[in-house]
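Colleague: Pasting a structure here, questions to come.
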Amino acid sequence: MEIPSKYSPAEVEDKWYKYWMENKFFHSEPDEREPYTIVIPPPNVTGVLHMGHMLNNTIQDILTRRARMLGKNACWVPGTDHASIATEAKVVNKLKDAGISKFDLSRDEFLSHAWEWTHKHGGIILEQLKKLGASCDWDRTAFTMDEVRSESVIKTFVDLYDKGLIYRGVRMVNWDPAAKTALSDEEVIFREMQSKLYYLKYRIEGSESEFVTIATTRPETILGDTAVCVNPNDPRFTHLKGKRVLVPLVNRSIPIIEDEYVDMEFGTGCLKITPAHDVNDYEIGLRFNLPSIDIFNEDGTLSEKAGMFVGEDRFAVREKIMVDLEAAGNVAKVEDYNNKVGYSERTHVPIEPKLSAQWFLKMENLVKPALGNVMNDTIGFYPPKFKNTYRHWMENIKDWCISRQLWWGHRIPVYYLADGGFVVAETDEKALALAREKSGNPGLMMADLRQDEDVLDTWFSSWLWPISVFDGISNPDNKEINYYYPTNDLVTAPDIIFFWVARMIITGYEYRQQFPFRNVYFTGMVRDKQRRKMSKSLGNSPDPLDLIATYGADGVRVGMLLCSPAGGDLLFDESLPQQGAGFVTKIWNSFRLVNGWEVDHKIPQPEHSKLAISWFREKFSQIVEQTDDHFDKFRISDALMSVYTTVRDEFSGWLLEMVKPAYQQPIDGKTYEELIDIFDEVLRFLHPFMPFISEEIWQLLRERKAGESIMISAWPKSTGYDDTMIAQFEDVKEAIAGIRTIRTKNNIPQKDQLELAVMVGDKGFAPEFNSILVKMGNLSALSLVTEEVKLSASFLVKSTTFFVPMGGTIDVEEELKKLQAELDYTKGFLNSVLKKLGNERFVSSAPEAVVAVERAKQADAEAKIKVLEEQIAGLK
């Protein structure tokens with residue numbers, strides 16, 4: 001079969017993905033095998049693939065493919081999130097472009113537009129993941145607002161309400177004026193801002209000349225002030241006790257109150273109290289029974305209650321009110337000031353603290369098992385540093401505001417009666433039955449009930465994800481939830497540790513009395529070379545599909561992982577997928593090389609090939625063991641590097657070179673068959689990382705039957721290995737590298753044969769590998785000597801000296817310079833070892849094996865120095 005000289009990623013990827021799908025290799029059903037379950041962090045339904053998705057899903061696919069090859073029943077569940085705020089904002093903007101306001105539509109009319117948008121744009125990102133090679137069980141694709149998931153969400157709300165954990169209350173919430181909804185604390189991002197600190201004078205009532213000065217970053221909120229507060233321990237203000245002041249511009253009389261909350265060192269020590277627009281002021285307002293004046297409309301403009309600037313935007317008013325305050329003589333001074341301002345995570349506008357009637361979930365008791373089982377490592381965090389972040393949040397958790405003033409989402413299943421009472425039920429029918437029972441009026445009709453207008457926070461659906469994807473809420477004892485739950489691994493970004501990870505753990509223990517996953521692997525943030533977060537606005541985020549089109553999916557997958565330690569940021573540069581694509585080419589060329597050899601089954605196997613095959617099998621077994629350990633510890637990038645260096649160096653760089661037949665000569669049949677077996681194993685080792693090229697070559701390597709795939713073949717097993725042989729072969733490599741260096745420095749072509757003389761020391765030479773030295777060094781003779789060989793170039797491997805006779809061509813001065821440099825380096829190395837061994841604390845506290853290694857280094861260095869000094873003396 002003619003093998004193309006160039007590998008064509010696009011053609012190969014489409015062919016094999018279609019083959020995998022047709023053969024349902026991704027699909028899983030419960031059976032007698034051990035399950036391996038992983039659920040995708042559901043991306044926004046109308047989102048598109050970005051670099052963070054690429055990294056996250058590459059890692060998930062690697063874990064899933066390897067589990068499948070380990071014989072487990074691998075089930076990777078895909079799906080999307082309805083993303084209330086983001087999706088509603090997109091639909092509102094689409095309608096706005098068409099000249100339609102959301103508020104001109106009924107709820108049902110708006111939702112029909114939202115569903116239309118979702119059906120049109122939804123799922124694009126999942127199709128894009130297929131281009132990456134994601135081996136998800138697409139038959140199980142879930143959506144947080146599909147029937148099963150919606151039923152699970154509503155059932156959970158009702159259950160938690162019935163348990164007394166959900167309540168309605170007027171509280172200070174984070175208000176997003178752009179989305180016009182409340183947000184949870186976790187949806188607020190604080191940014192360091194260069195602001196101003198405005199010092200404003202409030203005249204004491206009944207006096208024309210006395211003032212108190214307060215400092216504020218928000219002068220527009222003075223219109224909602226209902227008190228000024230001082231610390232009772234502050235001697236500067238004892239004379240103000242019981243007095244009142246006038247709010248500038250509106251001249252409202254408000255009391256001066258005393259509370260130890262006031263920081264005497266901040267500003268002037270006098271604090272304006274605006275209960276409707278500051279969390280701490282709200283608490284003080286409750287203690288002193290102060291009135292609360294809400295001066296803002298839902299969109300951040302000033303309300304009628306402000307009395308001034310009605311209908312104008314809050315930031316425009318900040319500028320205008322300062323002009324009026326200056327004119328009225330109420331400004332003492334203005335200073336530059338750095339402070340942290342809360343922004344909406346979704347709409348990126350500053351949030352407003354706002355008093356609002358909302359639904360809340362009591363968290364204090366729910367979090368206890370979720371906290372304990374992470375801290376005791378029942379659930380493993382990788383890297384473990386995130387345990388502290390998790391603990392801090394869980395120990396300081398507040399009740400979760402779960403209601404949102406939106407239409408797109410799961411509508412809160414609360415139904416109000418005309419008398420102000422309400423019932424909570426999963427369906428209209430159940431609500432009506434409860435309402436009739438509660439009111440004692442059997443004649444009540446559905447039209448007499450009014451369902452709550454708000455929807456639930458999006459995270460209230462995704463916190464059920466590992467359970468709800470298997471319908472474990474509505475049908476808690478079904479076959480699938482009992483088989484696939486708990487899931488094995490979760491791969492996610494640390495920025496949603498509170499939004500999602502913690503809450504899934506909470507529901508796992510609440511509804512299954514068990515963790516939702518055994519391990520959580522936190523990826524880092526994908527940044528550019530300048531460490532900036534990738535974003536469209538900066539123009540530094542490449543289109544992942546463009547990268548795949550340019551470098552192939554395998555090249556991009558490898559590129560994403562080449563510098564992506566767990567929890568560490570990935571500094572992305574296009575040279576990374578380029579390097580990945582180069583690796584693909586190397587693998588392809590290695591296959592073409594082997595495939596192009598003529599095979600002769602009559603000729604015997606050369607000794608060097610037999611040794612090379614034996615060495616590689618030992619080495620490969622060691623590498624598989626190390627790679628399995630990397631996987632066990634979630635060192636995915638280290639696992640990739642094991643695969644990368646094995647294929648590039650040990651397989652292509654050493655094994656193929658050692659067994660390669662002479663120019664235009666055939667290879668013996670035994671070596672070829674053994675090599676094909678090894679190539680098969682290497683491809684299986686490669687497959688989880690590079691699924692497409694590994695499948696392509698694996699299918700071409702031998703004749704395969706219909707329905708066969710590398711995907712469902714076995715992951716290589718470590719069967720033990722000979723440490724001594726592996727170590728000896730490292731010495732052989734070093735000797736071959738020494739011969740190559742001599743050729744390079746002396747311009748001796750590889751085709752010209754050399755002689756090699758060996759003065760054997762106590763380490764560095766194993767004669768059983770001589771046939772490999774002869775082959776790889778292209779030697780005409782290899783002999784053992786007991787003294788130095790004059791007029792030769794030389795090098796050391798441990799305490800063994802290798803000589804290449806050069807006749808009259810050796811440059812004695814250059815050779816002396818080389819030996820002296822090596823001697824100086826070795827002496828320096830010996831000094832560092834002796835310094836460590838001279839440290840009594842190190843020798844007494846370090847493990848015995850570690851000290852023994854240092855002593856061995858000392859002995860090797862001393863032996864090497866002796867040999868080098870003898871060689872230098874012999875040349876002088």
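Colleague: Residue check: is residue 684 in contact with a helix residue (DSSP H, G or I) (Cβ under 7 Å, 6 or more places away or on another chain), closer than 27 Å to residue 489 by Cα, charged (D, E, K, R) and surrounded by fewer than 21 Cβ atoms within 10 Å (Cβ to Cβ)?
Modeller: Considered against the rule, which asks whether it is in contact with a helix residue (DSSP H, G or I) (Cβ under 7 Å, 6 or more places away or on another chain), closer than 27 Å to residue 489 by Cα, charged (D, E, K, R) and surrounded by fewer than 21 Cβ atoms within 10 Å (Cβ to Cβ), residue 684 comes out as yes.
Colleague: Note down all Cβ pairs under 6 Å where the first residue falls in segment 340-360 and is closer than 12 Å to residue 184 by Cβ, the second is basic (Lys, Arg) and open to solvent by 20 Å² or more (accessible area, probe 1.4 Å), and they're at least six residues apart or on different chains.
Modeller: 359/168
Colleague: Determine which member of the set 422, 517, 499 is over 30 Å from residue 575 (Cβ atoms), surrounded by fewer than 23 Cβ atoms within 10 Å (Cβ to Cβ), under 28 Å from the mean Cα position of the chain (by Cα) and among the aromatic types (Phe, Trp, Tyr).
Modeller: Of the residues listed, the single one that is over 30 Å from residue 575 (Cβ atoms), surrounded by fewer than 23 Cβ atoms within 10 Å (Cβ to Cβ), under 28 Å from the mean Cα position of the chain (by Cα) and among the aromatic types (Phe, Trp, Tyr) is 499.
Colleague: Between residues in segment 650-672 that are more than 19 Å from residue 682 (Cβ to Cβ) and touching a residue at least 40 places away in the same chain (Cβ under 8 Å) and residues that are open to solvent by 10 Å² or more (accessible area, probe 1.4 Å) and of a type in the set (A, V, I, L, M), which pairs lie under 9 Å by C-beta distance while being six or more apart or on different chains?
Modeller: If the second residue must be open to solvent by 10 Å² or more (accessible area, probe 1.4 Å) and of a type in the set (A, V, I, L, M), the pairs left are 666/599; 666/603; 668/599; 668/603; 669/599; 669/603.
Colleague: Is it the case that segment 108-125 has a residue that's in a loop (DSSP other than H, G, I, E, B) and out of contact with any His (no Cβ under 7 Å at 6 or more places or on another chain)?
Modeller: So far as segment 108-125 goes, yes, one or more of its residues are in a loop (DSSP other than H, G, I, E, B) and out of contact with any His (no Cβ under 7 Å at 6 or more places or on another chain).
Colleague: Now a separate question. How about segment 320-340: which of its residues are touching a helix residue (DSSP H, G or I) at 6+ places or on another chain (Cβ under 9 Å) and either hydrophobic (A, V, I, L, M, F, W, C) or open to solvent by 90 Å² or more (accessible area, probe 1.4 Å) (or both)? Before you say what the answer is, go through the steps one by one.
Modeller: Pass one, segment 320-340, residues touching a helix residue (DSSP H, G or I) at 6+ places or on another chain (Cβ under 9 Å): 320-322, 325, 330-331, 334.
Once the filter is applied, which keeps residues that are touching a helix residue (DSSP H, G or I) at 6+ places or on another chain (Cβ under 9 Å) and either hydrophobic (A, V, I, L, M, F, W, C) or open to solvent by 90 Å² or more (accessible area, probe 1.4 Å) (or both), segment 320-340 yields 320, 321, 322, 325, 331, 334.
Colleague: Related question: Considering segment 175-212 alone, what residues qualify as being open to solvent by 40 Å² or more (accessible area, probe 1.4 Å) and not charged (D, E, K, R)?
Modeller: 178, 189, 190, 193, 194, 206, 209, 211
Colleague: Further question on the same structure: Of all residues in segment 343-370, which are in a helix (DSSP H, G or I) and open to solvent by less than 30 Å² (accessible area, probe 1.4 Å)?
Modeller: Of everything in segment 343-370, those that are in a helix (DSSP H, G or I) and open to solvent by less than 30 Å² (accessible area, probe 1.4 Å) turn out to be 367, 370.
Colleague: Only one of 809, 741, 724, 719 is on the phi < 0 side of the Ramachandran plot, polar (S, T, N, Q), modelled with pLDDT of 95 or more and surrounded by fewer than 16 Cβ atoms within 10 Å (Cβ to Cβ). Can you tell me which?
Modeller: Just one listed residue meets the conditions, 724.
Colleague: Looking at 310, 262, 279, can you tell me which residue is at pLDDT below 95 and either open to solvent by 30 Å² or more (accessible area, probe 1.4 Å) or more than 26 Å from residue 213 (Cα to Cα) (or both)?
Modeller: Matching residue, one of 310, 262, 279: 279.
Here is a yes/no grid of residues against (1) closer than 24 Å to residue 464 by Cβ; (2) open to solvent by less than 10 Å² (accessible area, probe 1.4 Å); (3) of a type outside the set (A, V, I, L, M):
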{"residue": "51", "(1), (2), (3)": "no, yes, no"}
{"residue": "59", "(1), (2), (3)": "yes, yes, no"}
{"residue": "86", "(1), (2), (3)": "yes, no, no"}
{"residue": "99", "(1), (2), (3)": "no, no, yes"}
{"residue": "105", "(1), (2), (3)": "no, no, no"}
{"residue": "116", "(1), (2), (3)": "no, no, yes"}
{"residue": "136", "(1), (2), (3)": "yes, yes, yes"}
{"residue": "146", "(1), (2), (3)": "yes, no, yes"}
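Colleague: Within segment 748-785, how many residues turn out to be part of a loop (DSSP other than H, G, I, E, B), over 50 Å from the mean Cα position of the chain (by Cα), loosely packed, with under 15 Cβ neighbours inside 10 Å and not aliphatic (A, V, I, L, M)?
Modeller: 3
Colleague: Scan 443, 472 and give me the residue that is without any contact (Cβ under 8 Å) to a residue 40 or more places away in the chain, touching a Lys or Arg at 6+ places or on another chain (Cβ under 9 Å) and small (Gly, Ala, Ser).
Modeller: Details: 472 fails: without any contact (Cβ under 8 Å) to a residue 40 or more places away in the chain.
After applying the criteria, what remains is 443.
Colleague: Residue 650 versus (1) open to solvent by 50 Å² or more (accessible area, probe 1.4 Å); (2) acidic (Asp, Glu); (3) touching a helix residue (DSSP H, G or I) at 6+ places or on another chain (Cβ under 7 Å): which is the lone unmet condition?
Modeller: The single condition residue 650 does not satisfy is (1).
Colleague: Taking residue 294 as the residue in question, decide whether it is within 28 Å of residue 168 (Cβ to Cβ), touching a Lys or Arg at 6+ places or on another chain (Cβ under 7 Å) and open to solvent by 50 Å² or more (accessible area, probe 1.4 Å).
Modeller: Against the criterion (within 28 Å of residue 168 (Cβ to Cβ), touching a Lys or Arg at 6+ places or on another chain (Cβ under 7 Å) and open to solvent by 50 Å² or more (accessible area, probe 1.4 Å)), residue 294 does not qualify.
Colleague: Residue 221 fails exactly one of the following numbered conditions: (1) part of a strand (DSSP E or B); (2) of a type in the set (S, T, N, Q); (3) modelled with pLDDT of 95 or more. What is the number of that condition?
Modeller: (1) is the only condition that residue 221 fails.
Colleague: Next question. Residue 547 is checked against (1) part of a loop (DSSP other than H, G, I, E, B); (2) open to solvent by less than 10 Å² (accessible area, probe 1.4 Å); (3) of a type outside the set (S, T, N, Q) and fails just one. What number does that condition carry?
Modeller: (1)
Colleague: While we're looking at this one, here's another question. Can you give me the ranges of the helices (runs of 4 or more DSSP H) entirely in segment 569-662 with at least 2 residues that are small (Gly, Ala, Ser)?
Modeller: Because the criterion is at least 2 residues that are small (Gly, Ala, Ser), the helices (runs of 4 or more DSSP H) in segment 569-662 that meet it are 575-595, 607-632, 636-645.
Colleague: Are there any pairs, at least 6 apart or on different chains, whose C-beta atoms fall under 6 Å, with the first in segment 399-414 and within 18 Å of residue 299 (Cα to Cα) and the second among the aromatic types (Phe, Trp, Tyr) and open to solvent by less than 10 Å² (accessible area, probe 1.4 Å), and if so, which?
Modeller: Between residues of segment 399-414 that are within 18 Å of residue 299 (Cα to Cα) and residues that are among the aromatic types (Phe, Trp, Tyr) and open to solvent by less than 10 Å² (accessible area, probe 1.4 Å), the close pairs are 403/359; 407/110.
Colleague: Give me the helices (runs of 4 or more DSSP H) completely within segment 445-530, filtered to those with at least 1 residues that are of a type in the set (D, E, K, R), ordered by residue number.
Modeller: Filter on segment 445-530 gives 479-484, 503-511.
Colleague: Just checking, does segment 576-590 include any residue being open to solvent by less than 10 Å² (accessible area, probe 1.4 Å), under 27 Å from residue 382 (Cα atoms) and either β-branched (Val, Ile, Thr) or over 16 Å from the mean Cα position of the chain (by Cα) (or both)?
Modeller: Within segment 576-590, one or more residues are open to solvent by less than 10 Å² (accessible area, probe 1.4 Å), under 27 Å from residue 382 (Cα atoms) and either β-branched (Val, Ile, Thr) or over 16 Å from the mean Cα position of the chain (by Cα) (or both).
Colleague: Residue check: is residue 873 open to solvent by 50 Å² or more (accessible area, probe 1.4 Å), more than 27 Å from residue 794 (Cα to Cα) and not basic (Lys, Arg)?
Modeller: It is false that residue 873 is open to solvent by 50 Å² or more (accessible area, probe 1.4 Å), more than 27 Å from residue 794 (Cα to Cα) and not basic (Lys, Arg).
Colleague: Hey, another quick one. Does residue 152 count as surrounded by fewer than 20 Cβ atoms within 10 Å (Cβ to Cβ), touching a residue at least 60 places away in the same chain (Cβ under 8 Å) and not in a loop (DSSP other than H, G, I, E, B)?
Modeller: Considered against the rule, which asks whether it is surrounded by fewer than 20 Cβ atoms within 10 Å (Cβ to Cβ), touching a residue at least 60 places away in the same chain (Cβ under 8 Å) and not in a loop (DSSP other than H, G, I, E, B), residue 152 comes out as no.
Colleague: Search segment 725-745 for residues that are free of Cβ contacts under 8 Å to residues at least 12 places away in the same chain and pair each with any residue that is of a type in the set (Phe, Trp, Tyr) and assigned to a helix (DSSP H, G or I) when their beta-carbon atoms are under 8 Å apart and the residues are at least 6 apart or on different chains.
Modeller: none
Colleague: Across segment 851-864, what is the total count of residues that are crowded, with 17+ Cβ neighbours inside 10 Å and not charged (D, E, K, R)?
Modeller: Of the residues in that region, 2 qualify.
Colleague: Something else now. So the check is Cβ under 6 Å with 6+ separation or different chains; which pairs have a first residue in segment 587-614 that's within 28 Å of residue 725 (Cα to Cα) and among the aromatic types (Phe, Trp, Tyr) and a second one that's in a helix (DSSP H, G or I) and open to solvent by less than 50 Å² (accessible area, probe 1.4 Å)?
Modeller: Between residues of segment 587-614 that are within 28 Å of residue 725 (Cα to Cα) and among the aromatic types (Phe, Trp, Tyr) and residues that are in a helix (DSSP H, G or I) and open to solvent by less than 50 Å² (accessible area, probe 1.4 Å), the close pairs are 591/697.
Colleague: While we're looking at this one, here's another question. For segment 15-40, what are the residues that are closer than 24 Å to residue 500 by Cα and either surrounded by fewer than 21 Cβ atoms within 10 Å (Cβ to Cβ) or at pLDDT below 95 (or both)?
Modeller: 35
The values are calculated or read from the model by the stated rules, or taken from the named source; none is laboratory data. Given the structure is predicted, the values throughout are model-derived calculations rather than measurements. Backbone-built Cβ (ideal geometry, glycine too); neighbour counts: all protein chains shown. Calculation scope for accessible area: heavy atoms of the full protein, side chains included, ligands and nucleic acids excluded. Shrake-Rupley method; radii C 1.70, N 1.55, O 1.52, S 1.80 Å.
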